[in-house]
Amino acid sequence: MNETVLRRLLEGEAVISLAFLPDDVIGVSGQIFINATPENVWRALTDYDNLSKNLPKVVSSRVVERHENEIILDQTGKTGIFIFERIVHFRLKLCEEYLKRIIFEQVEGDLSIYQGSWVLETPPEVSGTVLSYVAEIKPDFFAPPLLVSFVQRQDLPQILKAHKQRAESLQK
């Protein structure tokens, strides 16, 4: 992680970047510094049945199946802005690597592509955890890539900050 990004994260910023990929796919990534142990960040991130209580725009979330480190998760959420907001449903297959990463991929739902990962890092120069999110997204309904990227730029910082708040509250 470069010094500039780490400095921005330590100042409390959620660092977000977007990319327009081929075939109208949006690449999105974000990072946030959390003043909590990886264990507490992991607890906040993997409290799947309660994500709707802690994350903005998550309407419902529940584990359907669990086999060791593989989970099938049903989620319903809101996406969009103003009059363009809609409810989306999807089922994700998650693969957990304890305290390191969660890789996810939609197996059915309202997006034609939704895959990515959550990664936890503990930079040696600080006490705390950097939570990173990387995903590729393409709706299965009409949504211009510019609108999708705008929504991601608005929503991802809120989601990252909600995970930060939850993990830091577990730290106390």
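The values are calculated or read from the model by the stated rules, or taken from the named source; none is laboratory data. Model, not experiment: these values are computed from the prediction. FYI the Cβ positions are ideal-geometry reconstructions off the backbone, even for glycines, and counts take in every protein chain you see.
Out of everything in region 47-62 that is of a type outside the set (D, E, K, R) and in a strand (DSSP E or B), what residue ends up being surrounded by the fewest Cβ atoms within 10 Å (Cβ to Cβ)?
Per the criteria, the residue is S60.
Can you find, within region 1-36, the residue that is nearest to Q158 (Cα to Cα) among those that are assigned to a loop (DSSP other than H, G, I, E, B) and touching a Pro at 6+ places or on another chain (Cβ under 7 Å)?
A14
Quick one: A162 ticks every box in (1) touching a Lys or Arg at 6+ places or on another chain (Cβ under 7 Å); (2) within 18 Å of G30 (Cβ to Cβ); (3) not in a strand (DSSP E or B) except a single one, so which number is it?
Only one criterion in (1) touching a Lys or Arg at 6+ places or on another chain (Cβ under 7 Å); (2) within 18 Å of G30 (Cβ to Cβ); (3) not in a strand (DSSP E or B) is unmet by A162, namely (1).
Could you list, in sequence order, all residues of region 128-172 that are charged (D, E, K, R), buried (at least 16 other Cβ atoms within 10 Å of the Cβ), at pLDDT below 90 and out of contact with any Leu (no Cβ under 7 Å at 6 or more places or on another chain)?
D155
Pick out the one residue from E65, E39, E96 that is part of a helix (DSSP H, G or I) and more than 15 Å from L156 (Cβ to Cβ).
From the options E65, E39, E96, the qualifying one is E39.
Can you pull out every residue in region 72-89 that is over 13 Å from A143 (Cβ atoms), of a type in the set (A, V, I, L, M, F, W, C) and crowded, with 19+ Cβ neighbours inside 10 Å?
Once the filter is applied, which keeps residues that are over 13 Å from A143 (Cβ atoms), of a type in the set (A, V, I, L, M, F, W, C) and crowded, with 19+ Cβ neighbours inside 10 Å, region 72-89 yields only L73.
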